[in-house]
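Below you'll find the structure, written out as structure tokens, and then a few comments.
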Amino acid sequence: RSDALRRIEGVVRYCCYTHFSGSRACVDGDTWGGGWHDSSWSTVLAQTVWIVWPELDEPTREMAARVIAAEADRFIDRAPPSGKINNTKAEENAWNTRATAIASVMFPEHPHAGGWRTTCRRWMMNCLSIAGDQEDSTVVDGRPVMDWVTTENVHPDFTLENHGIVYPVYMWSSMVNLCQSAGYHIYARRDPPEAAFHHLRDVYEVYKRLQTWEGLPAYVNGSDKFLHLQVVDIFLHSFFAQVLGDPEAAHLEAVELDILERMQARFSDGRLYPTEEVGPWSRVNNLSFILGGSYLLHYVVQNDVEPVEPDRFERRIAGVSYFPHGKFLLHRTRDKLVSFAWSKPCLLYT
């Protein structure tokens, strides 16, 4: 334990010194932070700091608080981007909610905390946004939807596009980032903003219908990543099961956990992948962080939801589903999933 804490403190201090708000550069001579994906990376740091906060000395806490606040401040005066055809901004906007979400619950008395809370809600509402939102008078977190939403990132049938195709990976990635932001509130024993759930159930319902029996979604337009992507959507299922009491999500979570356990059982040292399968995109790092999040949800919420019987789930989502805006059809039976897509090119990873 002492060695783990020593390593954590070293990582935290290095990250804080070399952040754009700090006084040093990274070993490559540059600083980090303030960039396109840095809200996501900074909240991995923030969550680590939060978990070990009592174990850190005061100077390290002060440095970490500076970084967390600096990343959250970036979004207060920024407008969420919009993109629907070929390149959704749902995922990007969702990971950007995380900086303000975790800052506002870690430091609720900070002078900027009120601005972080409002900003977090605004970006949440502009993640899974559809055209109809800008005429919707339903009140969410004290404001009509139309007053929050300035973007259109998802089709009216709750499919979305990225990399020029209808891409289920970016459906779960957008939802996972929103669920992580809601999760920060839950870890702090606070109710998540209503905005965190804006169209979340709608997109998840489509995603359920795309689930295959190996715990991964069907790629209706192919994929430009390796086809057997790591099972990192398990946090999404954990969230819907633990926070929203969804028995179908509990079933999908159990399916994926079984897959991961069988993958790990191939090796004697606890690995999930052979060296040649680790691949890009920090597969192991991402998966360990996601599994840690699933564990935290179970630990904090402790919702003993009973998973639905597999046959009952399969019967419920069986049949033909038509997605006129995503431009594809699905036909599911108990042991078959067939898709037919038009308009978008089909990609094959090589």
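The values are calculated or read from the model by the stated rules, or taken from the named source; none is laboratory data. From a predicted model like this one, the values you see are computed outputs, not experimental measurements. Neighbour counts are summed over all protein chains in view; Cβ atoms, including those assigned to glycine, are modelled from backbone coordinates with ideal geometry. SASA here: full protein model, heavy atoms, side chains in, ligands and nucleic acids out. Shrake-Rupley method; radii C 1.70, N 1.55, O 1.52, S 1.80 Å.
Structure summary
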quantity: Accessible-area value, ASP258, 1.4 Å probe, nucleic acids and ligands omitted, Å²; calculated: 70 Å²
quantity: Cut-off 9 Å between beta-carbons: net charge of the residues surrounding PHE313, Lys and Arg +1, Asp and Glu -1; calculated: 0
quantity: Student exercise, segment 157-244 dipole from Lys, Arg, Asp, Glu Cβ charges, in Debye to nearest 20; calculated: 240 debye
quantity: Partner aspartates and glutamates for LYS89 [C-alpha distance under 13 Å; skip if fewer than 8 residues away on the same chain]; calculated: GLU152, GLU161
quantity: Segment 1-125 - charge dipole about Cα centre, Lys and Arg +1 at Cβ, Asp and Glu -1, debye rounded to 20; calculated: 380 debye
quantity: Surface share of carbon and sulfur [accessible, 1.4 angstrom probe, percent] for segment 1-44; calculated: 56 percent
quantity: Mean separation of Cα contacts under 8 Å (6+ apart) over length of segment 84-184, as relative contact order %; calculated: 40 percent
quantity: 1.4 Å probe accessible area per residue over the chain, in Å²; calculated: 46 Å²
quantity: Rg and Dmax [Cα atoms of the chain; Å; Rg one decimal, Dmax integer]; calculated: 20.4, 59
quantity: Accessible carbon and sulfur surface of segment 93-241 relative to its total accessible area, %, 1.4 Å; calculated: 50 percent
quantity: The chain - charge dipole about Cα centre, Lys and Arg +1 at Cβ, Asp and Glu -1, debye rounded to 20; calculated: 300 debye
quantity: Structure-based [θ]222 nm, the chain - -39500 (n - 2.57) summed over DSSP H runs of at least 4, per residue, nearest 500; calculated: -15500 deg cm²/dmol
quantity: Packing-based order for 27-33, 218-224, using average beta carbon neighbours within 10 Å, highest first; calculated: 218-224, 27-33
quantity: Greater than 19 Å apart at Cα, pairs in LYS84/LYS336; LYS84/LYS327; LYS225/LYS327; LYS208/LYS336; calculated: LYS84/LYS336; LYS225/LYS327
quantity: Contact order normalised by residue count of segment 1-121, Cα under 8 Å, 6+ apart, percent; calculated: 24 percent
quantity: Normalised contact order of the chain, rounded percent, pairs of Cα under 8 Å and 6 or more residues apart; calculated: 14 percent
quantity: Acute angle (nearest 10 degrees) that the helix 113-125 long axis makes with the longest principal axis of the chain, alpha-carbon atoms; calculated: 20 degrees
quantity: Distant alpha-carbon pairs in segment 69-134 (separation over 16 angstrom), percent; calculated: 42 percent
